Amino acid sequence: MKKIYLYGNWKMNMNREETEKFYKDFGGQVAGDPALLAAMGKTLEVAVFPPFTSLAAAEGASKNLDKRTVPFLGAQNVYFEPKGAFTGEISIPMLKDFGCAHVILGHSERRTIFGEPDELIAGKVKAVLDAALVPVFCYGETLAEREGDKTFDVVSRQLRAALSGRTPGEAEKIVYAYEPVWAIGTGKSATSNEAQEVCAYSKKLIRELAGSAAMPVVVLYGGSVKPDNAKELLSMEAIDGALVGGASLKADSFLQIYKAYANN
Ligand code: PEP
C-alpha cells in the first residue's frame with residue numbers, strides 16, 4: 001500500500017482569521033475520508049505549515065475537528081539553539097509548545113533570499129531530529145543549474161551535506177522534498193518524468209549514504225503542484241507525495257489535490 005504525503009507550505013500568507021477558515025473548510029470536508037481511504041487500501045498523511053504567527057490559531061482550530069481529520073501541524077523554519085540572544089529567531093521548544101510535529105528546512109527561498117548555506121541547514125536537520133520532530137528537508141536545482149546539466153551534482157551536494165554525520169536511523173526519519181527552484185511558484189511544474197527521475201536518483205543516493213539498501217525513504221515532489229497535475233505526479237513510483245505552496249492556501253484547491261489521490 002502506497003502511503004501518500006500531502007503537505008501545504010503557506011509561506012508568508014494566512015493570518016489568524018484565514019487560518020481558522022481554512023481549518024473549518026478543509027477539516028470539515030475531509031471528515032469521514034480516512035475510513036474511505038482505508039477501505040480503498042490507501043493511507044494519507046496531511047500536514048500544513050502556517051507562518052509562526054498563525055500556529056496558535058491552527059492549534060486552536062484543530063481542537064474543533066474530529067481527531068482523525070486534523071492535519072499535522074508544522075513550521076516553515078527554526079533555529080537550532082534552544083534559547084537565548086538570537087533576535088528574530090524561533091526555537092524548537094517554542095514550536096513544540098504549539099504542537100508542531102514537522103519543520104520545513106532548507107526551502108529554496110531560505111537558501112536564496114536569506115542566504116542559508118548547506119552547513120547551517122544541516123545543523124538544523126540534526127537539532128530537529130534530536131528533538132524528535134520530523135525535518136522536511138528541501139533541495140533542488142535552479143534553472144541555470146538544470147540547463148547547465150548540473151541537476152544531479154547539486155542534488156547530490158545538498159543531500160550529502162544534510163546527511164553528513166547522520167545515522168541510518170536518522171536518515172530514515174527525514175522527509176525529503178525535491179523542489180526544483182524553477183518550478184516553485186512559477187506555474188511551470190516539472191513533468192512527471194523529470195520529477196520521477198530526480199526522486200528515484202535521490203532515494204538511491206540517500207540509501208547509499210546511509211549504507212542501507214533496503215531503508216524506507218520518503219521523497220516528496222514540490223513545484224507548482226495543482227489540482228490538475230497532482231494525480232499524475234502522485235502516481236509516479238518514486239514520488240511519495242507533494243509539498244504544495246500556492247495551491248494549499250485555499251481549502252478548495254488543497255482539497256481537490258487531496259481528492260486527486262483519494263479518488264485515484
Ligand atoms: C513551495 O513553496 O514549496 C512550493 C512548492 O510552492 P508552489 O507550489 O507555489 O510552487
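Read-outs throughout are calculated quantities, based only on the coordinates presented, and are distinct from any laboratory measurement. All of these numbers come straight from a predicted model, not from anything done at the bench. A quick note on method: Cβ atoms are made from the backbone with ideal geometry, for glycine too, and the neighbour counts reach across all protein chains shown.
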Estimate the FRET efficiency between E18 and Q256 by the formula 1/(1 + (r/R0)^6), using the beta-carbon distance for r and 30 Å for R0, to the nearest 0.05.
0.95
Once the principal axes of the Cα atoms of the chain are found, what is the range along each, listed largest first in whole angstroms?
47, 45, 34
Under the 7 Å Cα-to-Cβ spin-label approximation, A132 and F114 lie apart by a distance in nanometres of 2.6
How far apart, in nm, are the 7 Å Cα→Cβ label points at K67 and A200?
4.2
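Estimate the FRET efficiency between K2 and A85 by the formula 1/(1 + (r/R0)^6), using the beta-carbon distance for r and 41 Å for R0, to the nearest 0.05.
Values: r = 46 Å, r/R0 = 1.12.
So the FRET efficiency works out to roughly 0.35.
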Report the Cα centroid-to-centroid distance between the stretch 227-264 and the stretch 113-182 in angstrom, as an integer.
22
Given springs between every Cα pair under 10 Å in a Gaussian network model of the chain, which of A75, A242, A214 has the largest fluctuation?
A214
